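Peer 1: Here it is: the structure, laid out below.
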Amino acid sequence: MRVRVPAQTEILQQLPPKSRVAIIRLRSLGDCVLSTPAIDLLNHARPDLEIAVVVEDRFADVFRGNPAVAQVLSPTIRELRSFAPDLCVNFHGGTRSARLTLLSGAKFRAGFDIFKPAFAYNVPIPTAQEILDITRRVHTVEHMAAAMFFLGVPRTWVTRARVPAPEGRSPHAPEGRYAVIHALAATPEKTWPAASFNEVAGFVQDAMKLEPVFIGGQGDDLTAFQKWRSVTGAPLAQVAQLMRDASVFVGNDSGPAHVAAAFGLPLVALFGPSDAEIWAPWRTVGKVIRAEGPIANIPVADVVRAVERVYSVHEAHK
């Protein structure tokens, strides 16, 4: 039987104690990290709920070990239905996540009202502007947090993102203090030139006395940075350890910048065509530098000044 839910109904008030909630957030490192404040809001408001996250295996470690997340599920209908959610919330969008939501078996199926097909959802979530009664544009984190407020979470401060990190030091960390640099991105227009990153690494080492550590994913080519320590294809847990204990982060607009922000790491993020107002690292001492035209136009001197500044501010408040 299809349940039709009035637009302003607070769903959480209708969920019995110890109900199950599935959050669909299939992929991308940054998107997964930025969904964690909304999950924390839900857990804080209803700690009795059993929350599961539906995510592709390569990003599952963003949620494993998060105390707000009881289970991490593979994105299959069989596994989702086996979890038997009472509420299914789609944060992903697209046909695959819509199908998962529709066939989840949940009484309440929530998704933003712009998601298609509309029939997959019986709890359409309006825009953050409508929920929060504002006109300004909102960050991605605020967008997902507003959805939780719509579902019945009391409005409150939206915290920093959360990424689990094991105890102990990363096996890839240098002996002394260091900076993490992520010089790659998903597309060329989001990638600052390698020569520019090498100049920044030289400044970090010589002027700031921090050892540069370049990071990359499985299969990434870091040969342009071979004079520096580099880490490629490390498990997310080890990358998280590396970030947690670093002194500063510098990188393109990409997932590792959001991991750095989750640990409150002072950072400088370089933006090409992406909208920094929506995708900037969330709640950390940071500087976003937007390109005027191609990302290669960002001057090295601007990045060096920004790195020095965010590092100094962070150190002064430790």
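The values are calculated or read from the model by the stated rules, or taken from the named source; none is laboratory data. It should be emphasised that the depicted structure is a prediction, and the values quoted were computed from it without experimental measurement. Positions of Cβ are backbone-derived with ideal geometry, glycine not excepted, and every protein chain shown enters the neighbour counts.
Peer 1: In the set Thr76, Thr101, Thr95, which member is hydroxyl-bearing (Ser, Thr, Tyr) and touching a residue at least 60 places away in the same chain (Cβ under 8 Å)?
Peer 2: Matching residue, one of Thr76, Thr101, Thr95: Thr101.
Peer 1: Moving on to the next point. In the stretch 198-223, what count of residues is obtained for those that are touching a Phe, Trp or Tyr at 6+ places or on another chain (Cβ under 8 Å) and either of a type in the set (Gly, Ala, Ser) or at pLDDT below 95 (or both)?
Peer 2: Result for the stretch 198-223: 1.
Peer 1: What's the number of the only condition in (1) farther than 21 Å from Ala291 by Cα; (2) surrounded by 24 or more Cβ atoms within 10 Å (Cβ to Cβ); (3) hydroxyl-bearing (Ser, Thr, Tyr) that Ser254 fails to meet?
Peer 2: (1)
Peer 1: A further question on this structure: Please tell me if Phe150 is within 24 Å of the chain's Cα centre (by Cα) and closer than 30 Å to Pro126 by Cα.
Peer 2: Answer is yes for this residue.
Peer 1: Still on this structure: Being assigned to a strand (DSSP E or B) and either of a type in the set (Lys, Arg) or buried (at least 22 other Cβ atoms within 10 Å of the Cβ) (or both) is true for just one of Arg96, Arg64, Arg109, Arg27. Which residue is that?
Peer 2: Arg109
Peer 1: Please go through the stretch 158-199 and give me each residue that is assigned to a strand (DSSP E or B) and hydrophobic (A, V, I, L, M, F, W, C), ordered by number.
Peer 2: Ala179, Val180, Ile181
Peer 1: Turning to a different aspect of this structure: May I ask you to list pairs of residues, at least six apart or on different chains, whose Cβ atoms are under 8 Å apart, with the first in the stretch 126-147 being among the acidic types (Asp, Glu) and the second being surrounded by 20 or more Cβ atoms within 10 Å (Cβ to Cβ)?
Peer 2: Glu142/Ala128; Glu142/Val158
Peer 1: Is one or more of the residues making up the stretch 80-93 outside any loop (DSSP other than H, G, I, E, B), touching a strand residue (DSSP E or B) at 6+ places or on another chain (Cβ under 8 Å) and small (Gly, Ala, Ser)?
Peer 2: Within the stretch 80-93, not a single residue is outside any loop (DSSP other than H, G, I, E, B), touching a strand residue (DSSP E or B) at 6+ places or on another chain (Cβ under 8 Å) and small (Gly, Ala, Ser).
Peer 1: Which numbered condition trips up Phe197, out of (1) more than 27 Å from Ala269 (Cα to Cα); (2) touching a residue at least 24 places away in the same chain (Cβ under 8 Å); (3) aromatic (Phe, Trp, Tyr)?
Peer 2: (1)
For (1) surrounded by fewer than 18 Cβ atoms within 10 Å (Cβ to Cβ); (2) in contact with a Pro (Cβ under 9 Å, 6 or more places away or on another chain), each residue gets a yes or a no:
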residue	(1), (2)
Thr156	yes, no
Arg162	no, yes
Pro166	yes, no
Arg169	yes, no
Glu175	yes, no
Asp206	yes, no
Phe214	no, no
Gly219	yes, no
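Peer 1: Restricting the search to the stretch 232-245, which residues are outside any helix (DSSP H, G or I) and in contact with a Pro (Cβ under 9 Å, 6 or more places away or on another chain)?
Peer 2: Correct list: Ala234 only.
Peer 1: Now for a separate question. Suppose we filter Ser230, Ser254 for residues that are closer than 25 Å to Val163 by Cα, in contact (Cβ under 8 Å) with a residue 24 or more places away in the chain and not aliphatic (A, V, I, L, M); which single one remains?
Peer 2: Result of the check over Ser230, Ser254: Ser254.
Peer 1: Within 19 Å of Thr36 (Cα to Cα), assigned by TED's automatic domain parsing to the domain that holds Met208 and not hydrophobic (A, V, I, L, M, F, W, C) - does that describe any residue in the stretch 294-306?
Peer 2: No.
Peer 1: Which residue out of Gly264, Gly202, Gly219 is without any contact (Cβ under 8 Å) to a residue 12 or more places away in the chain and not in a strand (DSSP E or B)? Please lay out each step first, then the result.
Peer 2: Values: Gly264 fails: without any contact (Cβ under 8 Å) to a residue 12 or more places away in the chain; Gly219 fails: without any contact (Cβ under 8 Å) to a residue 12 or more places away in the chain.
On inspection, the qualifying residue turns out to be Gly202.
Peer 1: Checking the conditions here, which among Val3, Val33, Val55 is closer than 21 Å to Ile77 by Cα and at pLDDT 95 or above?
Peer 2: Values: Val3 fails: at pLDDT 95 or above; Val33 fails: closer than 21 Å to Ile77 by Cα.
Testing whether each residue is closer than 21 Å to Ile77 by Cα and at pLDDT 95 or above leaves just Val55.
Peer 1: Consider the stretch 112-134. How many of its residues are aromatic (Phe, Trp, Tyr) and assigned to a helix (DSSP H, G or I)? Spell out the reasoning first.
Peer 2: Here is the first cut: in the stretch 112-134, the residues aromatic (Phe, Trp, Tyr) are 112, 115, 119, 121.
Now drop any that are not assigned to a helix (DSSP H, G or I), which leaves 119.
Total meeting the criteria: 1.
Peer 1: Filter the stretch 244-262 for residues that are under 14 Å from the mean Cα position of the chain (by Cα) and either aliphatic (A, V, I, L, M) or under 20 Å from Glu308 (Cβ atoms) (or both) and give the result.
Peer 2: Ala257, Val259, Ala260, Ala261, Ala262
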